[in-house]
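Below you'll find the structure, written out as structure tokens, and then a few comments.
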Amino acid sequence: MIKLIEKIEGEARLNYSFKDNLIDFVEIDFFTTRGIEKILENRAILDALVINPRVCGICGHAQLIATVKALEDCYDNIEISKKAEIVRELTLNFEIIQNHFKWFYLTIMPLMGYKDYLLKASFPSQLMSKAIASIAGQYPHTSYAIVGGIVCDIGMMELVKVESYIDETLKFFEENLVEADGEEFLECNNSNKLLSKDGDLPKVLNKIKNSNLIDFGKSYDRFIVFGKNSYFNSGKSNKTRLYKTIDIDRVEEFDNNKSFAKNVMYKDKYYEVGPLARAMINKTPLIKDAHRRYGDSIISRILARVCEILQLLNHSKKLLKEINLNELSYIKPKIDISQISSSGVGVVEASRGSLIHKVNIEKGLIKKYDIITPTQWNLANGTRDNLGVAQNAIIGLDSTELAEIVFKSFDVCSVCTTH
Amino acid sequence: MRSKKLKVLWLTGIACNGNAHSFLNYPYLAQFMDRFEFLYHPIIESKYTLVDIINQDLECDILLIEGAISIEYKKDTTSIYDIIQKYSSKAQKIVTVGTCASFGGIFRDSGYLGASGLHFDRDIELDDFKNIKSKTISISGCPIHPEVLVNTLYSIREDIKIALDKFLRPKEFFAYTVHNGCTRNEYFEYKIDNHNFGEREGCMFYEHGCQAPYTHGSCNKILWNEVNSKTRVGLQCMGCSEPSFPKSNLFNTKKNMGIPEELPLGVGKRTYLTLAGITKAFNIKRLETRLFND
């Protein structure tokens, strides 16, 4: 039975096989592609900063930051000011936050039967877009991060303005998502306490609990995070065992016969990426507690995503304070990038998980470009012997409706996947 | 004002969804949703599923197309050409949302057979869909500016006649250049050509590939996200609303004998040289030094 899954930043086809009324196998088919990697070949190197944000309308900023990191990695030595690094991290945080609001209100709420939450999705995501635009000119699709730093100068007024957008977003969170003090929420290590609070998050969590969906969505309970920054740690985990050392060279991407999207594995195993993975590696108390109770289920994924909004808002406020306005925003590289032939890798945490860019440059031109997106990890189309993460979570369910809920709990991005 | 909601179908071709997300940045969406109803939208909840749109024959007032199109490109199992044909014939207006849908844009090179805009392949007019051209408005931009799209839709709803340029773009938004309203204009006017990235000062036209003086759009007239623009922060205009987007070598100004190859719209080479000589003579200290970071 083939079902089209819609509104996942595009579409995907799920081809289900049933046995004894249970889903016995599912093929995940992303049936389009846009050829970004080919489009980049033989273009001027810096053009990647303009083309790549167009990989995705909702996480294009992560694509930009991954691009600039990959290009800077082509240098043996390049100086980037702390100021520029912090600002890049801030704007990426804001993109992650707007994504999570949109996912919660436009994907999860309707799936749970709550309609008409467009304005609750758009209000806070617009605030975060304004925060990005205040620094980077516009959102979506800016190219403000360039090799050597950022194009803009940042002054006190930009910081004041950005902080006001953060505060307004925090206020929205506390008044709508969970009616509780943000600090209290973050320090809470008992996820069940949340259920008795007011707000849209408890509403959804209670609905999941009362509709007996609480055990669904579980997969391998294996997580990986590559994009270390001042907030996220890198590492992998298996159940609750944490391994801090991982090697990006062991990431392997390979074709699958059915879908345009390539599968990705780390040392021959599929891993889940995204907010739940980040919370597991960071050992966030609230999410660890949810994981202890509910495992790697829908409920833990939702909680991890929403919790990350608050974490990143608070962390961004701290980052703002760390900016030294006397530093340069841009330090012109000593050697122009058109003069070097080299290769580089850029890794960031995007909204949906680890995003990897790899580039080869030669005589001013891009020779090869490779993008591995988070959804390729979570939605890999594996075989019966080695199932992808989402496949593994879907097999054994008794309806395609339930399968769709599980599928969407990964926050699927079709456009990214079909880059 | 008519009280009936106009039925809008948002159809996505070969795209990144950037226009759909930019639309979500329109500040008064509640008002918009009082006036329009989405038959389908790629992100927002809508009355019908995409499968309904493909299989049924629904009433539709406005067809919005995002992304490049190709006869090979399918929505589920149906060519996007067939869906466009079905709904464009009954719609009173068709709007191409973004540069891909208008001219092909980045995804013109996506590898799909003849991928292009609805009526234009870059600046070449196409024969396909010529029968509906009189109903089409192009809102170019990568992405579209939400206010430009929404105010165009409001005008359609009010039956206001919209004057269009030769690429079907509303003149009210596209008769301007992106240069109009840029806060770095003084540096352009007096040819202060020592722009460095990372600074508030300087004009990116002379060295860093800014296309604003010859790109049609309102980016510096109707600000992005209501607060800013790329050129204001110091990022050059990439010409994303033009049929030629994306050109190549976007961070450099191509020059011949020291003169930019592309000059501001309507400016001749000789006049440019004369003017450049005069403006250089001004030697304005205020513009040669930092504004306030000293």
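The values are calculated or read from the model by the stated rules, or taken from the named source; none is laboratory data. These numbers were taken from a predicted model, which means no experiment stands behind them. Using ideal geometry, Cβ is built from the backbone for each residue, glycine included, and neighbour counts are taken over all protein chains shown.
Of all residues in region A:231-260 being touching a helix residue (DSSP H, G or I) at 6+ places or on another chain (Cβ under 6 Å) and small (G, A, S), which is nearest to A:K318 (Cα to Cα)? I'd like the intermediate steps shown before the answer.
The initial filter retains those residues of region A:231-260 that are touching a helix residue (DSSP H, G or I) at 6+ places or on another chain (Cβ under 6 Å), namely A:231-233, A:235, A:237.
Still in the running and small (G, A, S): A:235, A:237.
Values: A:G235: 24, A:S237: 28 Å.
The residue in question is A:G235.
Condition (residue is in the same structural domain as B:S88 (by TED's automatic domain parsing), farther than 22 Å from A:P53 by Cα and among the polar types (S, T, N, Q)) applied to region B:27-42: is it met by at least one residue?
Scanning region B:27-42 turns up at least one residue that is in the same structural domain as B:S88 (by TED's automatic domain parsing), farther than 22 Å from A:P53 by Cα and among the polar types (S, T, N, Q).
Would you mind finding the one in A:K82, A:K115, A:K130, A:K120 that is modelled with pLDDT of 95 or more, on the phi < 0 side of the Ramachandran plot and either buried (at least 23 other Cβ atoms within 10 Å of the Cβ) or within 10 Å of another protein chain (Cβ to nearest Cβ) (or both)?
Values: A:K82 fails: either buried (at least 23 other Cβ atoms within 10 Å of the Cβ) or within 10 Å of another protein chain (Cβ to nearest Cβ) (or both); A:K115 fails: modelled with pLDDT of 95 or more; A:K120 fails: either buried (at least 23 other Cβ atoms within 10 Å of the Cβ) or within 10 Å of another protein chain (Cβ to nearest Cβ) (or both).
Checking each option against the conditions leaves just A:K130.
Only one of B:E226, B:E207, B:E199, B:E242 is within 13 Å of another protein chain (Cβ to nearest Cβ), out of contact with any Leu (no Cβ under 8 Å at 6 or more places or on another chain) and within 18 Å of A:Q138 (Cβ to Cβ); which?
Working: B:E207 fails: within 18 Å of A:Q138 (Cβ to Cβ); B:E199 fails: within 18 Å of A:Q138 (Cβ to Cβ); B:E242 fails: within 13 Å of another protein chain (Cβ to nearest Cβ).
Exactly one of B:E226, B:E207, B:E199, B:E242 is within 13 Å of another protein chain (Cβ to nearest Cβ), out of contact with any Leu (no Cβ under 8 Å at 6 or more places or on another chain) and within 18 Å of A:Q138 (Cβ to Cβ), namely B:E226.
For region B:110-127, indicate whether the set of residues that are part of a helix (DSSP H, G or I) and not charged (D, E, K, R) is non-empty.
Of region B:110-127, the ones part of a helix (DSSP H, G or I) are none.
No, every residue in region B:110-127 fails to be part of a helix (DSSP H, G or I) and not charged (D, E, K, R).
Output the residues belonging to region A:202-219 that are at positive phi and within 24 Å of the chain's Cα centre (by Cα).
First pass over region A:202-219, keeping only residues at positive phi: A:212, A:217.
Passing the criteria: only A:G217.
Hey, among A:S351, A:S329, A:S341, which residue is under 18 Å from the mean Cα position of the chain (by Cα) and either modelled with pLDDT of 95 or more or of a type in the set (S, T, Y) (or both)?
Values: A:S329 fails: under 18 Å from the mean Cα position of the chain (by Cα); A:S341 fails: under 18 Å from the mean Cα position of the chain (by Cα).
Every option except A:S351 fails the conditions.
Could you figure out which of (1) in a strand (DSSP E or B); (2) more than 14 Å from every other protein chain (Cβ to nearest Cβ); (3) within 30 Å of B:N194 (Cα to Cα) isn't true of A:V347?
Condition not satisfied by A:V347: (3).
I'd like the full set of residues that are closer than 21 Å to A:K7 by Cα, at the interface with chain B (Cβ under 7 Å from one of its Cβ atoms) and assigned to a helix (DSSP H, G or I), limited to region A:34-62.
Once the filter is applied, which keeps residues that are closer than 21 Å to A:K7 by Cα, at the interface with chain B (Cβ under 7 Å from one of its Cβ atoms) and assigned to a helix (DSSP H, G or I), region A:34-62 yields A:R54, A:V55, A:G60.
A:H419 is checked against (1) modelled with pLDDT under 95; (2) outside any loop (DSSP other than H, G, I, E, B) and fails just one. What number does that condition carry?
Condition (2) is where A:H419 drops out.
Consider B:F32 carefully, then state whether it is more than 20 Å from A:E11 (Cβ to Cβ) and within 12 Å of another protein chain (Cβ to nearest Cβ). Break it down stepwise before answering.
Details: more than 20 Å from A:E11 (Cβ to Cβ): yes; within 12 Å of another protein chain (Cβ to nearest Cβ): yes.
Considered against the rule, which asks whether it is more than 20 Å from A:E11 (Cβ to Cβ) and within 12 Å of another protein chain (Cβ to nearest Cβ), B:F32 comes out as yes.
Residues that are more than 23 Å from A:N238 (Cα to Cα), outside any helix (DSSP H, G or I) and hydrophobic (A, V, I, L, M, F, W, C): does region A:265-281 have at least one?
Filtering region A:265-281 down to residues more than 23 Å from A:N238 (Cα to Cα) leaves none.
No.
Quick one: would you say B:G234 is in contact (Cβ under 8 Å) with a residue 24 or more places away in the chain and over 29 Å from B:L168 (Cα atoms)? Spell out the reasoning first.
Working: in contact (Cβ under 8 Å) with a residue 24 or more places away in the chain: yes; over 29 Å from B:L168 (Cα atoms): yes.
Taking the combined requirement at face value, the residue satisfies it.
Would you mind telling me which numbered condition in (1) within 20 Å of A:E349 (Cβ to Cβ); (2) not in a helix (DSSP H, G or I) A:C152 fails?
(1)
Quick grid of which residues meet (1) assigned by TED's automatic domain parsing to the domain that holds B:K90; (2) in contact (Cβ under 8 Å) with a residue 24 or more places away in the chain; (3) loosely packed, with under 15 Cβ neighbours inside 10 Å:
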{"site": "B:G117", "(1), (2), (3)": "yes, yes, no"}
{"site": "B:T136", "(1), (2), (3)": "yes, yes, no"}
{"site": "B:E147", "(1), (2), (3)": "yes, yes, no"}
{"site": "B:D159", "(1), (2), (3)": "yes, no, yes"}
{"site": "B:D165", "(1), (2), (3)": "yes, yes, yes"}
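Just one of A:L64, A:L106, A:L92, A:L71 is surrounded by fewer than 24 Cβ atoms within 10 Å (Cβ to Cβ) and of a type in the set (A, V, I, L, M, F, W, C); which is it? First the steps, then the outcome.
On the way: A:L64 fails: surrounded by fewer than 24 Cβ atoms within 10 Å (Cβ to Cβ); A:L92 fails: surrounded by fewer than 24 Cβ atoms within 10 Å (Cβ to Cβ); A:L71 fails: surrounded by fewer than 24 Cβ atoms within 10 Å (Cβ to Cβ).
After applying the criteria, what remains is A:L106.
When only residues in region A:288-306 that are out of contact with any Phe, Trp or Tyr (no Cβ under 8 Å at 6 or more places or on another chain) and in contact (Cβ under 8 Å) with a residue 60 or more places away in the chain count, which is surrounded by the fewest Cβ atoms within 10 Å (Cβ to Cβ)?
A:R293
Here's a check for you: in region A:404-419, which residue that is surrounded by fewer than 24 Cβ atoms within 10 Å (Cβ to Cβ) and away from chain B (no Cβ under 14 Å) is farthest from A:S342 (Cα to Cα)?
A:I405
What single numbered condition from (1) out of contact with any helix residue (DSSP H, G or I) (no Cβ under 6 Å at 6 or more places or on another chain); (2) surrounded by 23 or more Cβ atoms within 10 Å (Cβ to Cβ) fails to hold for A:S125?
All conditions pass for A:S125, except number (1).
Given (1) in contact with a Leu (Cβ under 8 Å, 6 or more places away or on another chain); (2) free of Cβ contacts under 8 Å to residues at least 40 places away in the same chain, identify the lone condition not met by B:T274.
(1)
Got a sec? Which of B:T12, B:T99, B:T49 is β-branched (V, I, T), within 14 Å of chain A (Cβ to nearest Cβ) and within 17 Å of B:V150 (Cα to Cα)? Can you show your working first?
On the way: B:T12 fails: within 17 Å of B:V150 (Cα to Cα); B:T49 fails: within 17 Å of B:V150 (Cα to Cα).
The conditions single out B:T99.
A:V162 versus (1) hydrophobic (A, V, I, L, M, F, W, C); (2) touching a helix residue (DSSP H, G or I) at 6+ places or on another chain (Cβ under 6 Å); (3) more than 14 Å from every other protein chain (Cβ to nearest Cβ); (4) over 20 Å from A:T284 (Cβ atoms): which is the lone unmet condition?
Of everything listed in (1) hydrophobic (A, V, I, L, M, F, W, C); (2) touching a helix residue (DSSP H, G or I) at 6+ places or on another chain (Cβ under 6 Å); (3) more than 14 Å from every other protein chain (Cβ to nearest Cβ); (4) over 20 Å from A:T284 (Cβ atoms), A:V162 misses just condition (3).
Residues being more than 19 Å from B:G258 (Cβ to Cβ) and more than 23 Å from the chain's Cα centre (by Cα): count how many of those fall in region B:170-195.
Residues of region B:170-195 more than 19 Å from B:G258 (Cβ to Cβ): B:170-186.
Cutting the leftovers down to more than 23 Å from the chain's Cα centre (by Cα) gives us B:186.
Qualifying residue count for the region: 1.
Which residues, counting only those in region A:357-387, are under 18 Å from A:A277 (Cα atoms) and either part of a loop (DSSP other than H, G, I, E, B) or in contact with a helix residue (DSSP H, G or I) (Cβ under 8 Å, 6 or more places away or on another chain) (or both)?
A:T373, A:P374, A:T375, A:Q376, A:W377, A:N378, A:L379, A:A380
Across region B:167-200, what is the number of residues that are among the acidic types (D, E) and either free of Cβ contacts under 8 Å to residues at least 24 places away in the same chain or surrounded by 20 or more Cβ atoms within 10 Å (Cβ to Cβ) (or both)?
Residues of region B:167-200 that are among the acidic types (D, E), as a first pass: B:172, B:186, B:189, B:193, B:199.
If we keep only those that are either free of Cβ contacts under 8 Å to residues at least 24 places away in the same chain or surrounded by 20 or more Cβ atoms within 10 Å (Cβ to Cβ) (or both) too, we end up with B:172, B:193.
Looking only at that region, the number is 2.
In the set A:E187, A:E175, which member is loosely packed, with under 13 Cβ neighbours inside 10 Å and in contact (Cβ under 8 Å) with a residue 60 or more places away in the chain? Steps first, please.
Details: A:E175 fails: in contact (Cβ under 8 Å) with a residue 60 or more places away in the chain.
Every option except A:E187 fails the conditions.
Would you mind finding the one in A:L106, A:L90 that is touching a helix residue (DSSP H, G or I) at 6+ places or on another chain (Cβ under 7 Å), part of a helix (DSSP H, G or I) and under 30 Å from B:R200 (Cα atoms)? Spell out how you get there, then give the answer.
Numbers: A:L106 fails: under 30 Å from B:R200 (Cα atoms).
Selected residue: A:L90, the only one of A:L106, A:L90 that is touching a helix residue (DSSP H, G or I) at 6+ places or on another chain (Cβ under 7 Å), part of a helix (DSSP H, G or I) and under 30 Å from B:R200 (Cα atoms).
So, in region A:136-149, how many residues would count as being within 7 Å of chain B (Cβ to nearest Cβ) and hydrophobic (A, V, I, L, M, F, W, C)?
Qualifying residue count for the region: 2.
Condition first: closer than 26 Å to B:I278 by Cβ and of a type in the set (V, I, T). Now tell me which residues in region B:192-237 satisfy that.
Those that are closer than 26 Å to B:I278 by Cβ and of a type in the set (V, I, T): B:I192, B:T215, B:T231.
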